[in-house]
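Worksheet: the structure to be examined is printed underneath.
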Amino acid sequence: MLETLLESVFGTDERDPKYTFAYAQFMDVLEPTVEDLTKTCLRLSSNDTELSFGRVQAMVDKELEDL
């Protein structure tokens, strides 16, 4: 939904500096927010598991290899 809002305001041309700036700002805020929410959920569930994004990184690496 938010990505669609960015595209409706700034267009979809990924080469446009306005779009690039807005998208980067959005992602720079989104990533730590999601990480903080995940940490909070783990603490609330009394789960002492360390966060590991290894599985996600492996999926990203595989997808990049397929390109």
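The values are calculated or read from the model by the stated rules, or taken from the named source; none is laboratory data. As the structure is a computational prediction, the values presented were derived from the model and not from experiment. Cβ sites come from the backbone with ideal geometry, for glycine too, and all protein chains shown count toward neighbours.
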Search result, residues across region 8-39 that are touching a residue at least 12 places away in the same chain (Cβ under 8 Å) and more than 21 Å from Phe53 (Cα to Cα): Val9, Phe10, Tyr19, Ala22, Tyr23
Boolean, Val34 is under 15 Å from Leu2 (Cβ atoms), at pLDDT 80 or above and either assigned to a helix (DSSP H, G or I) or in contact with a His (Cβ under 6 Å, 6 or more places away or on another chain) (or both): yes
